[in-house]
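I have placed the structure first, in the form of structure tokens, so that the comments after it can refer back to it.
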Amino acid sequence: MSEAVSGAIPRIGEVAPDFVAETTQGVIKFSEWQGGKWVVLFSHPADFTPVCTTELAEFARRNDEFVKRDTKLIGLSIDSIHSHMAWLQNIKERLGVEIPYPLIADIDMKVAQKFGMLHPEASSTATVRAVFFINPDRKVQALVYYPLTNGRNIDEVLRLLDSLQTSSKHSVATPANWRPGDKVIIPPPRNVEALQQRMARTDMEHVDFYLGFKQLEKPAS
Ligand code: BEZ
């Protein structure tokens, strides 16, 4: 059993590495391309492979939902720009889906290495299915890794994005299986005064001193 490669994965709260890369929408400097928005950066193992094709198409079908959340999608694999272009054309012809977000051609693996997307026991030449949720300050808010064989659930990517954005906006936590509209968790008090103030609150449901829920106001539509 080989030991985990240490240090290469950007962790929660850290600033995501910046990079310059060739993509299907031209050369980008990540920090400039991000433009102060949330980003979901995802890697896939290889072009012209079945699971990846379903994922790429599903991210594309749901692109408007990411846009609504002020979030930009960007994909990556260790393939050439010509392979990416041919694959996107093939997806358009076979599935009728146009890919509206850029795909990074990381042929020299520089970006994959910066983001810890290469897991040698899974493959030394193909990225695993990583998803990085990056906030407008370029800080990593969550990261999820799937193996080569199993496709991601885009509903869950959107659910986690909603959850992260809600936590960030309202300084709250979200319970298991939370969905937008559900009650959120108010983080537990850290001192006696805060505890007394909290227990006097009538705008939240107190299960115990450490577990309290609140219904957020519905945004005006
Ligand atoms: C796929 O996308 O189908 C796939 C890619 C690499 C390994 C296994 C499956």
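The values are calculated or read from the model by the stated rules, or taken from the named source; none is laboratory data. If you're wondering where the values come from, they're calculated on a predicted model, not measured in any experiment. Virtual Cβ from ideal backbone geometry, glycine too; neighbours counted across all protein chains shown. Heads up: the accessible areas ignore ligands, DNA and RNA and are worked out on the full protein's heavy atoms, side chains in. Shrake-Rupley method; radii C 1.70, N 1.55, O 1.52, S 1.80 Å.
Taking all protein chains together, 91, 9 sort by accessible area into 9, 91, largest first [probe 1.4 Å].
DSSP loop GluC sites (Glu not before Pro) in region 155-221 with at most 16 other Cβ atoms within 10 Å of their Cβ, which ones? Answer in residue order: 217. Pairs of Lys residues in the chain, spaced 8 or more positions apart or belonging to different chains, with C-alpha separations under 23 angstrom: 28 in total. When only Cα pairs below 8 angstrom with a gap of at least 6 residues are kept, the chain shows a relative contact order of 21 percent. Taking a ≥ b ≥ c as the square roots of the eigenvalues of the alpha-carbon gyration tensor, region 17-83 is classed oblate because a/c is 1.5 or more while a/b is no larger than b/c. If you wrap region 77-151 in the convex hull of its Cα atoms and look at it from every side, the mean projected area works out to 6.0 nm². Each part gets one Cα centre, and for region 44-71 versus region 157-221 those centres are 31 Å apart. Its DSSP H runs of at least 4 residues, each contributing -39,500 (n - 2.57), put the calculated 222 nm mean residue ellipticity of the chain at -9000 deg cm²/dmol, to the nearest 500. Rg of the Cα atoms in region 1-153, relative to 2.2 N^0.38 Å, amounts to 0.98. Solvent exposure of residue 59, expressed as accessible area, is near 0 Å², computed with a probe of 1.4 Å over the protein chains only. State the antiparallel share, in %, of DSSP beta bridges confined to region 20-152, rounding to the nearest 5. Just about 60 percent of them are antiparallel.
Surface analysis of region 90-221 yields an accessible area of 59 Å² per residue, using protein heavy atoms and a 1.4 Å probe.
Computed over neighbours whose Cβ is under 11 Å from that of residue 28, the net charge equals -1, Lys and Arg +1, Asp and Glu -1.
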